[in-house]
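Here's the structure, in structure tokens; my notes come after.
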Amino acid sequence: MKRTLGVCYYPEHWPQDQWATDAAQMIEAGLTWVRIGEFAWARMEAVSGTLTWDWLDQAIDVLGDTGLKVVLGTPTATPPRWMIDKYPDMLAVDAANNTRKFGSRRHYDFSHLPYRDECRRIATLMAERYGKNPHVAAWQIDNEYDCHDTTLSYSDAAKRGFQDWLAQKYQSTDALNRAWGNVFWSMDYDTFDQIDVPNLTVTEANHPHQLAFRQYSSDQVVAFNKAQADAIRAHSDAPLIHNYMGRITTFDHWKVGADLDIASWDSYPIGFLSDRIEGTPKEKLKFLRQGHPDNQAFHHDLYRAVGRGRMWVMEQQPGPVNWAPYNPAPLPGMARLWAWEAFAHGAETVCYFRWRQTPFAQEQMHAGLLRPDRAPAPALAEARQVADEFAAMPDVGTANAQAALIFDYESAWAWDAQPQGADFEMFRLAFAAYRGLRRAGLNIDILPPNTADLSDYKLVLAPGIMSLSDPFRKALTTFKGIALIGPRTDTKTPELVIPNIMGPNLPNVDVTAILTESIPPNDKIKLQGGGRFRHWFEHLDGTAPVHLTTKDGLPAIMGGDHLRYLAGWPDDATFDKIIGGLCDTLDLDTFALPDGLRIRDTDTHRFVFNYAPTSQRWGDTIIPAAGVHWEKL
């Protein structure tokens, strides 16, 4: 796999006589790709029906003639003001019934069909004009689905669409009432147009109602993306990409990715540490200028799978951002480390955001590779260093993973609808399991819930999966490694109902979760031999062998040689102990990695990344803070 670097650029922000100079400097910095266009609808079509392409034609020619490959974005995340005047009801409505206004970005409702048609129209016009342009080597559709909490909308358009979606799914309100258990609290419906979106109810809306609305809302993202993908494919053979975000579970990325060629994501390690990742104050201070040592890797592995092996980082943090509660600068070397870590996890391209820091508008405090006065910012030299290092490193591929983690968006919606504990969240549980595998030094693949073949792996973890799919259940029957299922896995039907035969209904394993506890932060379940569960614990019954018990003698892990059920949410040290024991049983090599040191193997090299703020030892090598070391396997 050939590795390349790129950058995000906004020619409409700068005088045209600067474009050629900027392009030449990008080439000098070792950059190959440049992404443009994704916020420029008002420059393409300032008045409805009047298209202005000359500036974009020139920008593509200037950048392409200099030797850069262009990623051209559709501008549908920023509809112009005239669009709102044309369709006043296209604006999303939040859960408190507040209409979200024009004046920033992502001001549209995925359910609004006339706006979807407008997006199809502009994507078609762009593809007709640039689909065969030799400089346009890839397309980005829209920008950061669900940024600013924009998947769920409670508008009239969403209500009408939801009612139609329910009618198609259930065919009759009698079937819907039975599926949802609406006999409880006299919630039966006589017609589908009686059903509202699940907000502003006196207490919580019925859980299947909430889950169905999330399924519907996800389907609207899929349909919105597909409308543009189909329009572009009719005129271009260049690959289609979307730039997903970190820790977003409101829509099914697996389904969106099925209509694209490459999955990319926007990596902001320091912003995410303060904004989206849990941790103690001590942990957050330790990684303040580096980001969480496992967050980037998790998303690399997730989006490599969503892209069916093809993954980019479309936006890589180069310096302080503007949007987190606090925005410190990275340690020197982190822009280099983050890029190399992405490549070690299979990225084809890493694009820094952005070329030049803008002196105006909402993101003027967001650093770039250049300062606003066009002088180099610190990350420019690090990008050049990475580009130079490519020449000394042969093209590599991703190594086979020893372990796999099952990740399911629908389960995330289910547990959001019915958390049963104030701190239960699907992402947190899955990320905790992933971190345990990564601390053991394992290569990890993240797999969708309908995975039908596990033969490439020795260890599989499936935490928090609402109900096991038939393909995955069948794969477990022939799996020769060890699969650790749970907690909170296969305990509900797809309608979020407790099944008549209580789960988990694991193949050939007699174990049942007969009672569930959610545990407050000031309590824990102690385990025999040390360790503890927090957040969540299930009381198990059955005849399957017990592999671990609580101090009170209750089963904590039950199952056979190849398939076992985990009854609780282990803390980090306990996850390490459990995973280490499973790896010993499987003869998998593990590492006692110091806190902040992480490894990833490619097919030819082992990469070691030091996220700690101080130097650390790897064998005979001292790796400085924010340092990267690699060695041949």
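Which of the helices (runs of 4 or more DSSP H) found entirely inside the range 19-124 contain at least 3 residues meeting this: at pLDDT 95 or above and surrounded by fewer than 19 Cβ atoms within 10 Å (Cβ to Cβ)? Qualifying helices (runs of 4 or more DSSP H): 54-65, 81-86. Residues that are among the β-branched types (Val, Ile, Thr), farther than 23 Å from residue 73 by Cβ and at pLDDT below 95 do not occur anywhere in the range 367-390.
A single entry from 601, 589 fulfils the requirement of being acidic (Asp, Glu) and assigned to a loop (DSSP other than H, G, I, E, B): 589. Answer with yes or no whether residue 99 is of a type in the set (S, T, N, Q) and either touching an Asp or Glu at 6+ places or on another chain (Cβ under 7 Å) or not assigned by TED's automatic domain parsing to the domain that holds residue 229 (or both). It is false that residue 99 is of a type in the set (S, T, N, Q) and either touching an Asp or Glu at 6+ places or on another chain (Cβ under 7 Å) or not assigned by TED's automatic domain parsing to the domain that holds residue 229 (or both). Residues that are free of Cβ contacts under 8 Å to residues at least 60 places away in the same chain and charged (D, E, K, R) within the range 238-274 comprise 255, 259, 261, listed in sequence order. Just give me the residues in the range 563-595 being more than 29 Å from residue 519 (Cα to Cα) and over 26 Å from the mean Cα position of the chain (by Cα), in sequence order. Within the range 563-595, 584, 585, 586, 587, 588, 589, 590, 591, 592, 594 meet the criteria. Only one of the listed residues (163, 168) is polar (S, T, N, Q), out of contact with any Phe, Trp or Tyr (no Cβ under 6 Å at 6 or more places or on another chain) and part of a helix (DSSP H, G or I). That residue is 168. Residue pairs whose Cβ atoms lie under 9 Å apart, separated by 6 or more positions or on different chains, with the first residue in the range 194-221 and at negative phi and the second part of a helix (DSSP H, G or I) and polar (S, T, N, Q), are 194/163; 194/173; 195/163; 195/173; 196/163; 198/210; 204/210.
Restricting 228, 215 to residues that are part of a helix (DSSP H, G or I) and not assigned by TED's automatic domain parsing to the domain that holds residue 127 narrows the list to 215. The residues on offer are 516, 489, 585, and the sole one that is hydroxyl-bearing (Ser, Thr, Tyr) and farther than 30 Å from residue 178 by Cα is 585. The set of residues from the range 487-537 being part of a strand (DSSP E or B), of a type in the set (A, V, I, L, M, F, W, C) and buried (at least 17 other Cβ atoms within 10 Å of the Cβ) comprises 513, 525, 527, 533, 536, 537. With the structure loaded, tell me whether residue 303 is aromatic (Phe, Trp, Tyr) and in contact with a strand residue (DSSP E or B) (Cβ under 6 Å, 6 or more places away or on another chain) or whether it fails that test. In short, yes. For the range 299-325, filtered to residues that are among the hydrophobic types (A, V, I, L, M, F, W, C) and more than 23 Å from residue 4 (Cβ to Cβ), the residue that is surrounded by the most Cβ atoms within 10 Å (Cβ to Cβ) is 321. Sub-7 Å Cβ pairs linking a first residue in the range 526-537 that is farther than 20 Å from residue 278 by Cα to a second residue that is assigned to a strand (DSSP E or B) and of a type in the set (Gly, Ala, Ser), at least 6 apart or interchain, are 527/556; 537/568, ordered by first then second residue.
Here residue 387 qualifies as under 27 Å from the mean Cα position of the chain (by Cα) and outside the structural domain of residue 518 (by TED's automatic domain parsing).
Among the residues of the range 1-14, those identified as modelled with pLDDT of 95 or more and either under 13 Å from residue 374 (Cα atoms) or aliphatic (A, V, I, L, M) (or both) are 5, 7, 14. Taking the range 374-405 as the region of interest, how many residues are more than 30 Å from residue 28 (Cα to Cα) and part of a strand (DSSP E or B)? So the answer is 3. Within the range 342-400, being more than 29 Å from residue 602 (Cα to Cα), surrounded by fewer than 22 Cβ atoms within 10 Å (Cβ to Cβ) and of a type outside the set (A, V, I, L, M) holds for 358, 359, 360, 362, 363, 364, 366, 371, 372, 373, 374, 376.
The values are calculated or read from the model by the stated rules, or taken from the named source; none is laboratory data. Since this is a predicted model, take the numbers as computed values, not measurements. Counting neighbours? That spans all protein chains shown, and the Cβs are built from the backbone with ideal geometry, glycine included.
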